[in-house]
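Report on one structure; see the data block that follows.
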Amino acid sequence: MKKFIASASFLLLLFSCVSAHAWLYYSKSEFRGRVIDAETKEPIEGAVIVVLYMKWEFGGPGGGSTVPMDAKETLSDKNGDFYFPSYETMIGPLSRERVAEFIFFKPGYKSVTYIEGKKIPDEIYLAIKKEMVGKDGEIKHTDRWDHLLTYKGPLGVVELQKAITREEKLRAIPSPPTDYTSKELPLFIKIINEEGNNLGLKGGYK
């Protein structure tokens, strides 16, 4: 009886915390943008873009860790544009939502895993309306420490710099997220494997 009461009390406390912090619900807005050549400013068609939906999960006595709970991919079109629909799911009570992360890659260019030149998170920078892509605008964002961050400039633009030498091209190849294979990210794995093979690397990612 005492064990039952203790278990019931723990579950009540747990789910009251879940309700207070909405830990069970994970939601991200639509993401869109445009990939361009950093030098010519021309659109880049066929760049692969991966979005990682990150979460923090409790990890026992050693503390928690931030890991991807899901990943999606797409290719930029002839205008360099890309789009991810909104994403919603449920997460465990010992997890919390974290910012989405992105990978941008096109063979012959250096990969990008963080869009530089701004203070706001990538997921805020790319959560814009279709008609605002490439246009100048202003975004204000309050971070989790209640700091107000402001960005002014072109919206949704991701610049890729050319990789010239073989060494630069090798360093440019991004690694897949941990535990993700061609089953989850077929476009991404295919493109990085082909680039590796073209540069003389043996084998490839599964």
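Here are the numbers for the structure shown:
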item	result
Residue list for region 150-206, filter: charged (D, E, K, R) and assigned to a strand (DSSP E or B)	Lys152, Glu159, Lys162
Region 177-206 residues that are within 15 Å of Ser111 (Cβ to Cβ), paired with ones that are part of a helix (DSSP H, G or I) and of a type in the set (Lys, Arg) (beta carbon under 8 Å, 6 or more apart)	Glu195/Lys169; Leu199/Arg166; Leu199/Lys169
Residues satisfying the stated conditions in region 75-105, i.e. polar (S, T, N, Q) and either in contact with a helix residue (DSSP H, G or I) (Cβ under 6 Å, 6 or more places away or on another chain) or touching a residue at least 60 places away in the same chain (Cβ under 8 Å) (or both)	Thr89, Ser95
Qualifying positions in region 1-35 - of a type in the set (Val, Ile, Thr) and either modelled with pLDDT of 50 or more or surrounded by 10 or more Cβ atoms within 10 Å (Cβ to Cβ) (or both)	Val18, Val35
Residues that are more than 20 Å from Arg32 (Cα to Cα) and among the hydrophobic types (A, V, I, L, M, F, W, C), drawn from region 63-102	Val67, Met69, Met90, Ile91, Leu94
Scan of region 110-128 for residues that are among the hydroxyl-bearing types (Ser, Thr, Tyr) and either on the phi > 0 side of the Ramachandran plot or crowded, with 16+ Cβ neighbours inside 10 Å (or both), ordered by number	Ser111, Tyr125
Residues of region 36-74 satisfying the condition of being over 18 Å from Ala100 (Cα atoms) and modelled with pLDDT of 95 or more	Ile36, Asp37, Ala38, Glu39, Thr40, Lys41, Glu42, Pro43, Ile44, Glu45, Gly46, Ala47
Candidates Glu159, Glu101, Glu131 - the one that is surrounded by fewer than 19 Cβ atoms within 10 Å (Cβ to Cβ) and on the phi < 0 side of the Ramachandran plot	Glu131
Residue that is nearest to Ser111 (Cα to Cα) [pool: residues in region 140-156 that are of a type in the set (A, V, I, L, M, F, W, C) and surrounded by 13 or more Cβ atoms within 10 Å (Cβ to Cβ)]	Leu155
Qualifying residue in region 167-174 (condition: loosely packed, with under 13 Cβ neighbours inside 10 Å and under 14 Å from the mean Cα position of the chain (by Cα))	no
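The values are calculated or read from the model by the stated rules, or taken from the named source; none is laboratory data. Only a predicted model underlies this, so the values are computations on that prediction, with no experimental measurement involved. Neighbour counts are summed over all protein chains in view; Cβ atoms, including those assigned to glycine, are modelled from backbone coordinates with ideal geometry.
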